Structures are given as structure tokens and as C-alpha cells.
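Asks: First the structure, which I've put down as C-alpha cells, then a few questions once you've had a look.
Only the coordinates and a few stated rules stand behind these numbers; no lab work does. The model shown is predicted, which means the values in this text are computed figures rather than measured ones. Cβ sites come from the backbone with ideal geometry, for glycine too, and all protein chains shown count toward neighbours.
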Amino acid sequence: MQRLNRRNYKEYEICPEKILQFGEGNFLRGFVDWQVQVLNQKTDFNGSVVVVQPRGSEKIERLNRQDGLFTLYLQGIKDGRPVNEHMVIDSISRGINLFMDYQAFIELAAKEELRFIISNTTEAGIAYDPEDKLEEQPQKSFPGKLTAFLYHRFKAFSGDQQRGCIIIPCELIENNAKVLKEIVLKYAQDWNLGSGFINWIENANTFCSSLVDRIVPGFPSDTIHEKTEELGYQDELMVVGEQYHLWVIEGPEFIKHELPVEGTGLNTMVVKDLTPFRTRKVRILNGAHTAMTPLAYLSGLETVEEAVNDNEIGLFISELITEEIVPTLEGDAAELGVYEEEVLSRFANPYIKHYLMSISLNSISKFITRNLPSLIDYIEKTNVLPMRMVFALSCLIFFYRGKRGEESISLQDRPETLQFFQSTWNMYENQEIELNELVESVLSEKILWDMDLDEISNLSSTVTKHLSDIEQLGVRSALKELSKTLINK
């Protein structure tokens, strides 16, 4: 059976390379690159995407083997009815392996038609690395790579104010564009790139914070054989996503003309302030994802659908949102209730196999962004701990022990985070510290949480109690103990 590529797929069109995309993962391909294809089909956008990788190179090589093509399955409720449809996405022109062909990256910076830069490098990706150098090929961090690219573009066009870029990060951190721009400017200072380049960054480029929303589980490993038979070709980069999507871009009016989404059917909008959209989405949808993952996985479940359909865990997730997340949010209560129902319905989408382990990537930084604000705001409003959120935190700490029964958990996080948890849990298992000391050590580690959580009244003792229950009784029985406590209150 043939592999999907441009030799056997004749319907593609070659468009000018208008977009540089940092990230070759499932989400951007099933969200942004799909939208670019819609724009090409329904408007005069006429643009393609060049993809570079924030890390490793394996997927870039696979992308190039398929000439940038991949199949996208969109499955879920559309216009009030269940729809399962697929299409070949051909909006990616090529991938550049930064480790093998950095020169192509530099040459791309000199292309006149390039206008947009889009990224999704996870919450941990927008970070400053003091070891980054302009001379490295490539730089270690995503912001370092971006700064180098912009500097090469600045030089290629001699600082032409008309050759700046519209930069739209999709990472789920607050004010993602502002944070990214600050790091770029810091590198410009560190690397002595000159006041002219700094002024060009400030005046010729537009950094737009954005909010993205679509559940994209990724490669359908459990149904790949059936889908391959249906399609009649092999596709190593197949992606499955839900029908629902939302992209809110915070930026000036002129972006509406350069990114002509109006009238295309895309749920994409340019607004002056995305804060209300972001807070609701990050705390309810993403917050519920991050909170459920350790609990459900440690309970023996594998997917989000299994979690929300589980009697005990599904109830926990629903009550966590209703009782402890929604009360921390501003806005119309009825609208928030509708959004909550919509989110739970999306979680239960029978077409989507959203694996918990895929959500678990960088769970600590995700908890900081998605869950910690709800926990802190709840305490400020009620003067008591949000017990379900605290239980989720306890499950997260136990999850980072790296074991589900006798099975090892393949944790994915920053090396220093994994090393800290491994060392701390080893000390406990070797009886060098007690459980309460482990909890105090974890909660007080500012490198993990960006603050000292041990300072929150009763948090340490409550987490210690939950961890003791989880260790002695198992996570499901510990959840039942929590439920008894909540009923008696």
C-alpha cells in the first residue's frame, strides 16, 4: 500500500510560504494548519506553512517523507448531529530540520511573502534560557530560536518597517504574546543585537496573545488499521480531532484583513481583550483535564471518555467544575453553566480517544497555569480549601512517584522536575523522610510551583492525609473517603 505523499495525491496546490510554525505536533496540524487550508479554499489568503520543530527531529523527517501531507479526521457533533469526516490537509509546504538544515531556516527569514509566526510549544516552551546564544544552530529554547529568526529577517531587509511579522503564540499561558515578546527583547539585549533591532521588534512586529480550543487526541493508534483500509494509503501523521474549535486572537483590527476568517465558517475571531474567553476555557476545560488525569489514570483508566463516564470519577469531575472552579469565575452564571455542560459533552465524545497520558505532558506547569489560580481564588473567596482540587493535587504528587501499581508510568516533564520527584520519593521509600516531610518538601519547592504552597493554611496536612489514603487504600478508595468527608460537611 502506498504512503501518502504528493506523488500519489494530485489535488494539492503550491502556495506562497506565508507562515512559519514552531511546532509539528498533533494540535497545530489539526487546528491551525486545517484553518489555513480552509482559508485557502474559501478566501484569497493563498498561503502555506513552513514547520520547524521546538525539540527533536523525528516528526519533521516523517512530515517531509509525506511532503507535508496528512489526513485529519474530525469527529463529533456538528450542526446538532454526529459527524465523522476526514480530509487530506495540504497547507504545509515543508518541514525544516533545524539540526540538519539551519541554513534553510535563515533563508526563510529573507522571504518577502512570510508574514505570520505561530507556535505551540506547551506551557513550558515560552521560557528564557540564559545559556542560549545567537551563534548556536539552533538555539536551545523556542524564544531563542524566534529571536534569531527575527534578527536574520531584520538584517535581510535592512530594518524595513514593512517586513515585520504577526506573531501568534498558542501556548496556554496568560498573556502568552506579552511574555514571549519580553523574552525576545531580553535576548536582544543579552546578545547585543543593537537598538535598531530592538526598535524594529517593537514597531514593525505585532505580538498577539491568543486562546485556542479544540481537543486533538492525535494519532488514532487504536483504529489505525481500519482507517488505513478505508483510505487506501498509509499515513504516519494521521490526526484525529473533535469538530468543535475556537481561536480567539487579541490584536488590532488590521489582522482581520490579513487573516480573512469572517464568512468562512471558522470559529476564529480577533478581539481587543481575550481575558474572559481565556479564563473560562483554561480553568474549566484545561483545568478539568489536568485535574482528572492523575486520578483517572491511577484508577486504571486510559481516556477522558472513560473518566467522565465512570460513575465515581465522572461525578468528581462534574462537582469539581460546578462547586470549585465556576465559583471562582466572573461572568454570567447561566453562560458558565452552559459552557460547563458543553465541555462535559465534549469530554464524553464517543468518537474521540483522548488518552490521559497525552494530557500528562508537563503536568506540573499545567497545574500552575490551569488549576492553581482556581485553588487560590477559591480560598480567598471562601476562606476554606477546595477539597476536590486539593485531592487532585494530591493525586498529581502521587502520579509523579512514577508507578501505577507494579507498572511504571512514563512521566514526561522537565528533567529537573522529574529528578526532584524521583529523589524525593526515593528518600521516602528508603525511610529517610516521613510522608508529611515529603509533602512539605514538594509544596514548598518554588522551582515547581513558582510559590511556596506550604504557606497555605492546612494544605500540607490535607495533602498528607490524601496521600496516606491513596498509598494504603488505593486511589478509588481514597476518593470514597473524600466523598464521605464532603457529605458530612
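Asks: What nm distance separates the two modelled labels at Ala333 and Met451, each placed 7 Å from Cα along Cα→Cβ?
Replies: With each label point 7 Å from Cα toward Cβ, the separation is 2.6 nm.
Asks: For the residue pair Ser318 and Asn430, what label-to-label distance in nm results when each label sits 7 Å from Cα along the Cα-to-beta-carbon direction?
Replies: About 4.7 nm separates the two model spin labels.
Asks: Only sites in a loop by DSSP and with at most 15 other Cβ atoms within 10 Å count here; which GluC sites (Glu not before Pro) in the stretch 10-104 make the cut? Mind showing how you got there, number by number?
Replies: Details: sites: Glu11, Glu13, Glu17, Glu24, Glu58, Glu61, Glu85; in loops: Glu11, Glu13, Glu24.
Within the stretch 10-104, the qualifying GluC sites (Glu not before Pro) (loop, at most 15 other Cβ atoms within 10 Å) are Glu11, Glu13.
Asks: Quick check: net charge around Asp469, other residues with Cβ under 15 Å of its Cβ, Lys/Arg +1 and Asp/Glu -1?
Replies: Net of charged neighbours comes to +3.
Asks: Once both labels are modelled 7 Å past Cα along the beta-carbon direction, what's the Glu258-Gln162 spacing in nm?
Replies: 1.4 nm
Asks: Next question. For the stretch 439-489 and the stretch 397-421, what is the centre-to-centre distance using only Cα atoms, to the nearest Å?
Replies: 17 Å
Asks: Between the stretch 108-167 and the stretch 198-251, how far is it from one alpha carbon centroid to the other, in angstrom?
Replies: 21 Å
Asks: Let me ask something else. Out of Thr43, His257, Ser195, whose Cα points farthest toward the positive end of the dipole of the stretch 17-271 (charges: +1 Lys, Arg; -1 Asp, Glu; placed on Cβ)?
Replies: Selected residue: Ser195.
Asks: Can you sort Asp33, Asp190 from fewest to most other Cβ atoms within 10 Å of each residue's own Cβ?
Replies: Numbers: Asp33 25, Asp190 15.
With the sparsest Cβ surroundings first, the list reads Asp190, Asp33.
Asks: Can I ask one more? Using a cut-off of 13 Å between beta-carbons, work out the net charge of the residues near Thr228 (Lys and Arg +1, Asp and Glu -1, Thr228 not included).
Replies: So the surrounding residues net to -4.
Asks: Now, a different point. What is the extension gain from Leu361 to Asp129, computed as 0.36 nm multiplied by their sequence separation minus the C-alpha to C-alpha distance, in nm to one decimal?
Replies: Gain on extension, Leu361 to Asp129, equals 81.5 nm.
Asks: Quick query: amide H of Val271 versus all other amide H atoms, modeled in the peptide plane; which residues come in under 5 Å with a sequence gap of 5 or more or a different chain?
Replies: The list, which skips near neighbours in sequence, is Ile249, Glu250, Gly251.
Asks: Would you mind estimating how fast the chain diffuses translationally, via Stokes-Einstein at 25 °C and 0.890 mPa s with the Kirkwood radius over Cα pairs, in µm²/s?
Replies: Stokes-Einstein gives a translational diffusion coefficient of 103 µm²/s.
Asks: Residues of the stretch 331-357 with backbone nitrogen within less than 16 Å of a virtual label 7 Å along the Cα-to-Cβ line of Arg476, please, listed as ranges.
Replies: Correct set: none at all.
Asks: Another question, then. Check every DSSP H run in the chain and write down those whose alpha carbon atoms cover 30 angstrom or more along the long axis and whose mean Kyte-Doolittle hydropathy is 1.6 or greater. Please list the in-between numbers first.
Replies: Numbers: long enough: none.
Membrane-span-like by this criterion, though nothing is claimed about a membrane: none.
Asks: Would any residue of the stretch 99-126 have its amide N under 19 Å from a label point 7 Å out along Cα→Cβ of Lys178? List them or say none.
Replies: Under 19 Å, as judged by backbone N against the label point of Lys178, lie 123-126 of the stretch 99-126.
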